[in-house]
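Visitor: I am attaching a structure below and will ask some questions about it afterwards.
The numbers here are math on the coordinates, done by the rules we state, and not lab data. Since we're looking at a predicted model, the values are computed, not measured. Here the Cβ positions follow ideal geometry from the backbone for every residue, glycine too, while neighbour counts run over all protein chains shown.
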Amino acid sequence: MTTPPKPYSCQLYLISPLDVGGDFPERLEAALSAAPVAAFQFRVKGVDQHEAARLAEPLQAICAAHDVAFIVNDDMALAKRLKADGVHLGQGDGDPREARSLLGPGAQIGVTCHGSRHLAMEAGDAGADYVAFGAFFPTTTKAVEHRAEPETLTWWQGLFELPCVAIGGITPDNAKLLIEAGADFLAVSGAVWNDPEGPAAAVRRFDVLLKG
């Protein structure tokens, strides 16, 4: 993922719900067909690698058909097995240098930096392709241990060319603040998958904001 061109100064980065079975492939297809999406992060917990690979296969194919980067959450070995476009690392999931060595020069490697400017600079020095700040707002997707402020995005944009991702409780109602602060990507999960009108409607609402 690279910093998006105009008219998109910011792009959408979808994160999967934990349950990606059942009709989720159809829901992903609907979301990616609705408006441009930069990336999709495959995030499942509590399943072995064989089951994760089985669940990922149709989703990876849908992403490829829509030219959407397929990023694996946390698991470098799974990302290598799937030949994914990249991996997103939490602070306890390994070093970006290790991921680069395993996945190759073309892999997109992202790092969770919470609200820490220091962690973000370390990630950049270690060769990350993007840094993720958050949570910016309350979220039910995961327990929030760290909060980030929009000023961190503005600070980052003023000093570094490496793209930054905003994550945590982002909805069409609060996203404008983060876009204006300088986020290159909005990482969104619940606001899309739990939308009462469906994921396609939610993606279209974000698209209106992102087009400015």
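Visitor: Sequence-distant or interchain residues sharing an amide H contact under 5 Å with VAL72, placed H: which?
Guide: Excluding prolines and chain starts, which carry no amide H, the hits are PHE42, GLY86, VAL87, HIS88.
Visitor: Follow-up. Just to be sure I understand: if I project the alpha-carbon convex hull of segment 136-212 onto a plane and average over all orientations, what area do I get in nm²?
Guide: If you wrap the Cα atoms of segment 136-212 in a convex hull and average its projections, you get 5.2 nm².
Visitor: Now for a different question. If the elastic network links every pair of Cα atoms under 10 Å, which of VAL47, VAL131, VAL192 fluctuates the most in the Gaussian network model of the chain?
Guide: It is VAL47.
Visitor: What percent do you get for the relative contact order of segment 48-132 when only Cα pairs under 8 Å and 6+ apart count?
Guide: The value is 21 percent.
Visitor: Of the residues HIS118, HIS88, HIS146, which exhibits the maximal mean-square fluctuation in a Gaussian network model of the chain defined by a 10 Å Cα contact cut-off?
Guide: HIS118
Visitor: May I pose another question? For segment 181-196, in order, what is each residue's ³J(HN,Hα) by Karplus, 6.51 cos²θ - 1.76 cosθ + 1.60 with θ = phi - 60°, in whole Hz (x at glycine and Pro)?
Guide: 6, x, 4, 7, 9, 9, 8, 10, 10, x, 5, 9, 6, 9, 5, x
Visitor: Right, here's the next one. Compute the signed sum of charges (Lys and Arg +1, Asp and Glu -1) over the other residues within less than 14 Å, Cβ to Cβ, of ALA64.
Guide: -3
Visitor: Using alpha-carbon positions, what is the distance between the centroids of segment 146-212 and segment 74-89, in Å?
Guide: Comparing the Cα centres of segment 146-212 and segment 74-89, I get a distance of 24 Å.
Visitor: Pairs of alpha-carbon atoms within less than 8 angstrom and 6+ residues apart define the contacts here; what relative contact order does segment 1-100 have, in percent?
Guide: Relative contact order of segment 1-100: 23 percent.
Visitor: In percent, how large is the relative contact order of the chain, given Cα pairs closer than 8 Å and 6 or more residues apart?
Guide: Relative CO of the chain lands at 22 percent.
Visitor: To one decimal place, what Kirkwood hydrodynamic radius in Å is obtained for segment 72-113 from all pairs of distinct Cα atoms?
Guide: For segment 72-113, the Kirkwood estimate is 9.7 Å.
Visitor: Work out the length of the dipole vector of the chain about its Cα centre, built from +1 on the beta-carbon of each Lys and Arg and -1 on the beta-carbon of each Asp and Glu, and round it to the nearest 20 debye.
Guide: 180 debye
Visitor: Could you tell me whether segment 61-212 comes out rounded, prolate or oblate from its Cα gyration tensor? Rule is a ≥ b ≥ c as square roots of the eigenvalues, rounded for a/c under 1.5, then prolate if a/b exceeds b/c, otherwise oblate.
Guide: oblate
Visitor: Follow-up. What is the order of LEU59, LEU178, fewest Cβ neighbours within 10 Å to most?
Guide: In order of increasing Cβ crowding within 10 Å: LEU59, LEU178.
Visitor: Please give the net charge around PRO163, taking every other residue with its beta carbon less than 11 angstrom from that of PRO163, where Lys and Arg add +1 and Asp and Glu add -1.
Guide: So the surrounding residues net to -3.
Visitor: Of GLY104, GLY134, GLY46, which has the largest mean-square fluctuation in a 10 Å C-alpha GNM of the chain?
Guide: Evaluated over the chain, the most mobile residue of the options is GLY46.
Visitor: Looking only at GluC sites (Glu not before Pro) in DSSP loops with at most 11 other Cβ atoms within 10 Å, what is the longest site-free stretch of the chain?
Guide: Value returned for the longest uninterrupted segment is 1-144.
Visitor: Now, a different point. How big is segment 1-128 on each of its three principal axes, counting only the C-alpha atoms and giving the largest first in Å?
Guide: 40, 40, 26
Visitor: What ranking do MET76, MET1 get, fewest neighbouring Cβ atoms within 10 angstrom at the top?
Guide: Final ranking by Cβ density, sparse to dense: MET1, MET76.
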